[in-house]
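J.: Here it is, the structure in full.
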Amino acid sequence: MRIGIGYDIHRLVEGRPFILGGVNIPFEKGLLGHSDGDALVHAIIDSILGALGEGNIGILFPDTEERFRGISSLELLKRVVDRFNFKLVNIDAVVICEEPKLNPYIELMRRNISEITGLPPGRISIKPRRKEGLDETGKGNAIEVMSVCLLEEVV
Ligand code: MG
């Protein structure tokens, strides 16, 4: 068994889609980033890479490379799943987001991540939290995500 932790933060700006967990959520602002900016999937990827001891998302998919511009982060997750031998046991994530309300979209996010990882939705936990107006994230200027995963190595 191996455990991994991932963290990500993206600025929220106008003129960008708001994509989290592969769900395009209607909102006046979106996550800034080289890819689609999906901070939840980025944190999950980093937790898996952490558990595997295989570096981090910036090494595998550099934001300086044109071929990753605007790419779906679910596609990046798929590449990690295809490239390394492992079996996930569970994922648990906290998404710190002042607005919009994420609860209506959590099931869709779990389903998207389930489809890519093969992990049943019941083993994928995504918990939205607010920061009560504190700091930049709490003021609605960024989204932060923390994720842990447990996995078995497949020999
Ligand atoms: Mg990121």
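J.: Mind listing just one residue for me: the one in segment 20-33 that is out of contact with any Ser or Thr (no Cβ under 9 Å at 6 or more places or on another chain) and near the ligand (Cβ under 10 Å from one of its atoms) and, of those, most open to solvent (accessible area, probe 1.4 Å)?
T.: That would be LEU32.
J.: Would you say ALA93 is within 14 Å of the ligand (Cβ to nearest atom), assigned to a strand (DSSP E or B) and crowded, with 16+ Cβ neighbours inside 10 Å?
T.: yes
J.: Oh, and also: If the requirement is being open to solvent by 60 Å² or more (accessible area, probe 1.4 Å) and in contact with a helix residue (DSSP H, G or I) (Cβ under 6 Å, 6 or more places away or on another chain), which of these qualifies: LYS87, LYS127, LYS78, LYS101?
T.: So the residue among LYS87, LYS127, LYS78, LYS101 that is open to solvent by 60 Å² or more (accessible area, probe 1.4 Å) and in contact with a helix residue (DSSP H, G or I) (Cβ under 6 Å, 6 or more places away or on another chain) is LYS78.
The rows are residues; the columns are (1) of a type outside the set (A, V, I, L, M); (2) assigned to a helix (DSSP H, G or I).
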residue	(1), (2)
ILE5	no, no
PRO17	yes, no
PRO26	yes, no
GLY37	yes, no
ASP46	yes, yes
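J.: Is it the case that segment 34-54 has a residue that's near the ligand (Cβ under 10 Å from one of its atoms), open to solvent by 40 Å² or more (accessible area, probe 1.4 Å) and among the hydrophobic types (A, V, I, L, M, F, W, C)?
T.: no
The values are calculated or read from the model by the stated rules, or taken from the named source; none is laboratory data. All values derive from a computational prediction rather than experimental measurement. Note: ideal-geometry Cβ built from the backbone for every residue, glycine included; neighbour counts use all protein chains shown. We work out accessible area using only protein heavy atoms, side chains counted, and drop any ligands, DNA or RNA first. Shrake-Rupley method; radii C 1.70, N 1.55, O 1.52, S 1.80 Å.
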